[in-house]
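The values are calculated or read from the model by the stated rules, or taken from the named source; none is laboratory data. On a predicted model such as this, the values are computed, not experimentally measured, just so you know. Here the Cβ positions follow ideal geometry from the backbone for every residue, glycine too, while neighbour counts run over all protein chains shown. Remember, those area values only see protein heavy atoms, side chains included, never the ligands or the DNA or RNA. Shrake-Rupley method; radii C 1.70, N 1.55, O 1.52, S 1.80 Å.
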Amino acid sequence: MDCAEEVSLLRRVLSQVSGVRDLNFDVFRARMTVAYDPALADRAAIEDAVASTGMRCEPWTEESSGAGSVAAGRSRSTLTWISGLALLAGMLWQGLVSGHLIETLLAHQHEHGHHHELPLGALLLYLTAIICGAIHALPKAWAALRSARPDMNLLVVLSLIGASALGEWTEAATLSFLFSLAVLLESWSMTRARDAIAKLMQVAPPVAAVIHGEGEGEHEHPTPVGRVGVGSVVRVKPGERIPCDGVVVRGECLVDQALITGESVAVEKRPGDAVYAGTMNENGTLVIRVTRAASDSTLARMIRMVEESESRRAPSEQFVEKFARYYTPAVFLLAFSVMVLPPLLAGGVWSDWFYQGMVVLLISCPCALVISTPVSVVAALTSAARHGVLVKGGAFLEEAARIRTIALDKTGILTAGRPEVTEMVALNGQPSREVLARLVSLEQASEHPVAKAILRHGASEGITAPPSDAFRGLRGRGAEAEMDGGIFWAGSARMLAERGIPVESVDHEIERIGGAAHTVVVCGKDREAWAVLGITDPLRPEARWVVTELKALGLDPVVMLTGDNEATAHAMAQRAGIEHVRAGLLPEEKAAEVERLLHKHRHVAMVGDGVNDALALSKASLGITLGRQGTDIARESADVVFMANDLSRLPFLVRHARRALAVIKQNIALALLLKVGFLAAAMAGMATLWMAVLADMGATFLVTFNGLRLLHPAGANRRPSQPHHK
């Protein structure tokens with residue numbers, strides 16, 4: 001299974017099998033998934049239905065992945081070369097016997113009824129070329145005929161029959177060989193894209209050095225990666241690839257993780273740092289505690305996302321399929337008219353116009369048109385993944401090319417995502433350490449970056465406290481918990497009004513701290529404010545460069561959406577070069593702001609990484625998140641995931657998507673223009689059958705290679721002069 005045409009044929013045939021409920025196709029790995037009712041269908045019925053198309057299926061295993069496709073490819077390749085050699089030998093035989101060698105080699109078409117006599121040996125060689133070239137097409141042509149859905153296989157078989165009936169044996173053999181070669185090239189193009197994914201899958205080492213025992217009794221055993229469990233400890237030596245996702249326990253070194261994150265330089269790793277399967281340990285020995293099984297590693301999930309992205313088809317691909325559905329029957333009717341009307345109305349020679357009708361039939365097949373989009377999408381998605389950008393489907397790739405405005409969250413997106421407490425002012429005579437102890441107790445149950453900053457500050461001050469009871473997160477506002485017979489709370493300044501506390505009592509401190517570009521956190525118990533904290537999350541070093549690049553690409557406006565206070569938001573926006581700011585937003589308000597932008601600009605991207613961004617990500621026409629620090633719900637809601645904690649991938653995504661869309665449009669235009677040109681030649685009686693197939697093959701070849709250019713994206717390493725790493 002190598003192309004959309006085969007998928008379409010399988011879908012048509014299997015959908016007619018009683019009991020089949022759902023069909024899914026993975027062209028990357030030549031895999032088909034069938035959901036069926038065992039009471040109405042069985043495996044044998046499904047295998048028989050597949051066999052009726054000329055293809056064969058077998059139970060899927062990881063070990064057999066693509067094995068059937070490789071074997072079929074070898075068989076097709078062998079038969080193609082036999083067909084080509086038999087054609088050449090037949091032409092030489094015919095030319096030498098007839099004395100018209102050059103004329104025969106050029107496949108010159110004589111007037112009907114003036115063919116040179118064909119030697120028996122040449123005829124047998126031509127028959128061999130026809131059979132070897134077309135044998136794989138026969139079952140598919142029969143399936144297309146039975147379903148009344150003409151495709152290239154049926155058109156070629158009908159043309160071969162017609163050419164043979166007219167005595168055009170050289171023409172028929174040439175047609176058969178060129179068609180077989182075209183199919184072989186199409187299969188090869190999909191193999192190129194498939195190999196790009198296979199290289200990702202082969203990066204992780206098959207064996208890990210698992211450490212057992214401690215101290216003098218410590219020893220290691222080579223263990224297949226698939227059997228290494230979560231919590232196991234493995235050793236990775238210099239020059240080796242890391243076998244599993246994990247956390248460094250001992251050792252320091254540089255790790256090249258460009259495969260996963262797209263970072264251009266190696267990243268220093270120390271105890272406590274996360275590492276990823278498939279990345280390269282450049283120097284030093286690491287001891288790693290495994291945090292994810294091999295089947296659930298970042299690399300494995302990345303590969304699955306790329307594979308599954310093929311099911312989310314691009315609008316261009318859907319348009320081409322709909323167009324081909326009406327285009328082919330229309331030209332089929334045109335071909336019939338070419339065969340019948342000139343002889344009936346103008347006294348033309350039936351055999352000549354029958355021949356021209358078959359030429360029109362062959363030209364009508366939208367093979368190059370149908371393959372023009374998927375090969376480009378597959379190449380673009382694969383190359384983006386290799387540069388640390390996971391796009392969940394062709395539809396989202398095209399949407400990235402159409403984006404006209406972009407909204408960015410502040411915390412963790414424009415800022416470094418590791419805020420620190422820089423100031424704490426106790427109120428109403430409360431002891432600072434006691435307030436901090438209660439804050440540490442409260443925030444232990446929270447995953448918010450501000451909560452993590454408070455916990456780090458508490459640890460630096462030597463504060464330890466047990467987790468609070470009855471913790472409740474307040475979406476977009478803060479958190480609260482029961483403590484000492486009351487409700488201890490912490491969050492944004494709006495919590496003061498919610499709890500009936502006069503804002504004027506702490507307004508001065510809020511304005512002073514917030515005016516210095518700090519995030520302001522207020523905490524207290526019941527209806528009394530206990531402290532105001534200033535928390536700073538520094539701007540990413542690449543943030544201003546990214547905003548400048550986005551504006552240069554024509555994205556206007558670039559908007560900051562944040563739940564932070566106005567003063568902090570505007571201070572950070574000014575540093576980043578952003579003029580449009582909406583601050584103090586709850587999650588629902590962020591989503592509403594995205595909808596407002598959508599109404600005005602139609603194509604809007606939202607970049608966020610937190611739980612509070614998930615709704616806005618899902619509302620945007622394109623949701624983008626950072627995979628390393630983004631929450632699970634943000635990764636699920638987003639359409640694009642950056643594997644690195646690197647915002648500079650954003651301009652790359654826009655440029656790469658626009659280039660991919662341009663290539664798709666080029667391919668569609670090229671395929672259609674070639675069709676129109678050869679249709680005009682056929683209507684003028686200037687085209688031949690082999691020229692029609694050569695044109696179709698040439699168009700397929702051109703759009704395939706044009707699409708495969710996207711495997712090497714332009715400007716992939718374009719970064720700010722001093723990018724931020726880790």
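Do any strands (runs of 3 or more DSSP E) entirely within segment 445-512 hold 3 or more residues that are loosely packed, with under 15 Cβ neighbours inside 10 Å, and if so, which? Even if it seems obvious, please write down each step before you answer.
On the way: elements: 469-474, 478-483, 486-491.
It comes to 469-474.
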Between a residue in segment 630-659 that is assigned to a loop (DSSP other than H, G, I, E, B) and any residue that is modelled with pLDDT of 90 or more and among the basic types (Lys, Arg), which pairs come within a Cβ distance under 9 Å, given they are 6 or more apart or on different chains?
none
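Please work out if Asp564 is of a type in the set (D, E, K, R) and crowded, with 17+ Cβ neighbours inside 10 Å. I'd like the intermediate steps shown before the answer.
Working: of a type in the set (D, E, K, R): yes; crowded, with 17+ Cβ neighbours inside 10 Å: yes.
Against the criterion (of a type in the set (D, E, K, R) and crowded, with 17+ Cβ neighbours inside 10 Å), Asp564 qualifies.
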Are any residues in segment 417-441 small (Gly, Ala, Ser) and surrounded by fewer than 20 Cβ atoms within 10 Å (Cβ to Cβ), and if so, which ones?
Ala426, Gly429, Ser432, Ala437
Enumeration of residues in segment 24-59 that are surrounded by fewer than 17 Cβ atoms within 10 Å (Cβ to Cβ), at pLDDT 80 or above and closer than 25 Å to Thr382 by Cα
Thr33
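Can you tell me which residue within segment 646-658, out of those that are among the basic types (Lys, Arg) and out of contact with any helix residue (DSSP H, G or I) (no Cβ under 7 Å at 6 or more places or on another chain), is most open to solvent (accessible area, probe 1.4 Å)?
Of all residues in segment 646-658, those among the basic types (Lys, Arg) come to 649, 655, 658.
Applying the additional criterion that residues be out of contact with any helix residue (DSSP H, G or I) (no Cβ under 7 Å at 6 or more places or on another chain) yields 649, 655.
Working: Arg649: 1, Arg655: 70 Å².
Among those residues, the one meeting the criterion is Arg655.
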So which strands (runs of 3 or more DSSP E) stay within segment 205-247 end to end and still have 1 or more residues that are modelled with pLDDT of 85 or more, in contact with a strand residue (DSSP E or B) (Cβ under 7 Å, 6 or more places away or on another chain) and under 18 Å from Ala300 (Cα atoms)?
207-212, 219-224
How many residues are of a type in the set (Gly, Ala, Ser), in a strand (DSSP E or B) and in contact with a Leu (Cβ under 7 Å, 6 or more places away or on another chain) if we restrict to segment 379-427?
1
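Could we say that Pro720 is part of a loop (DSSP other than H, G, I, E, B) and either modelled with pLDDT of 70 or more or farther than 25 Å from Met606 by Cβ (or both) here?
Details: part of a loop (DSSP other than H, G, I, E, B): yes; either modelled with pLDDT of 70 or more or farther than 25 Å from Met606 by Cβ (or both): yes.
Considered against the rule, which asks whether it is part of a loop (DSSP other than H, G, I, E, B) and either modelled with pLDDT of 70 or more or farther than 25 Å from Met606 by Cβ (or both), Pro720 comes out as yes.
Quick one: is Ala531 in contact (Cβ under 8 Å) with a residue 60 or more places away in the chain, buried (at least 22 other Cβ atoms within 10 Å of the Cβ) and under 38 Å from the mean Cα position of the chain (by Cα)?
Working: in contact (Cβ under 8 Å) with a residue 60 or more places away in the chain: yes; buried (at least 22 other Cβ atoms within 10 Å of the Cβ): yes; under 38 Å from the mean Cα position of the chain (by Cα): no.
Here the answer is no, as Ala531 does not meet what is asked.
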(1) at pLDDT 75 or above; (2) surrounded by 15 or more Cβ atoms within 10 Å (Cβ to Cβ): which one isn't true of Gly677, the others all being true?
(2)
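Any idea which residue in segment 602-628 is modelled with the lowest pLDDT, counting only those that are touching an Asp or Glu at 6+ places or on another chain (Cβ under 6 Å) and either farther than 20 Å from Val547 by Cα or of a type in the set (Asp, Glu) (or both)?
At the first step, the residues of segment 602-628 found to be touching an Asp or Glu at 6+ places or on another chain (Cβ under 6 Å) are 608, 613, 619, 621-623, 625-626.
When the remaining residues are screened for being either farther than 20 Å from Val547 by Cα or of a type in the set (Asp, Glu) (or both), the result is 613, 619.
Numbers: Asp613: 79, Lys619: 87.
Among residues in segment 602-628 that are touching an Asp or Glu at 6+ places or on another chain (Cβ under 6 Å) and either farther than 20 Å from Val547 by Cα or of a type in the set (Asp, Glu) (or both), the one modelled with the lowest pLDDT is Asp613.
Would you confirm, using the coordinates I've provided, whether Leu598 is at pLDDT 90 or above, surrounded by fewer than 23 Cβ atoms within 10 Å (Cβ to Cβ) and farther than 30 Å from Val275 by Cβ?
On the way: at pLDDT 90 or above: yes; surrounded by fewer than 23 Cβ atoms within 10 Å (Cβ to Cβ): yes; farther than 30 Å from Val275 by Cβ: yes.
Judged against the criteria, Leu598 is a match.
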Would you point out the residue of segment 1-12, among those that are touching a Ser or Thr at 6+ places or on another chain (Cβ under 8 Å) and open to solvent by 30 Å² or more (accessible area, probe 1.4 Å), that is modelled with the lowest pLDDT?
Met1
Got a number for residues in segment 248-271 being modelled with pLDDT of 90 or more and farther than 22 Å from Thr223 by Cβ?
1
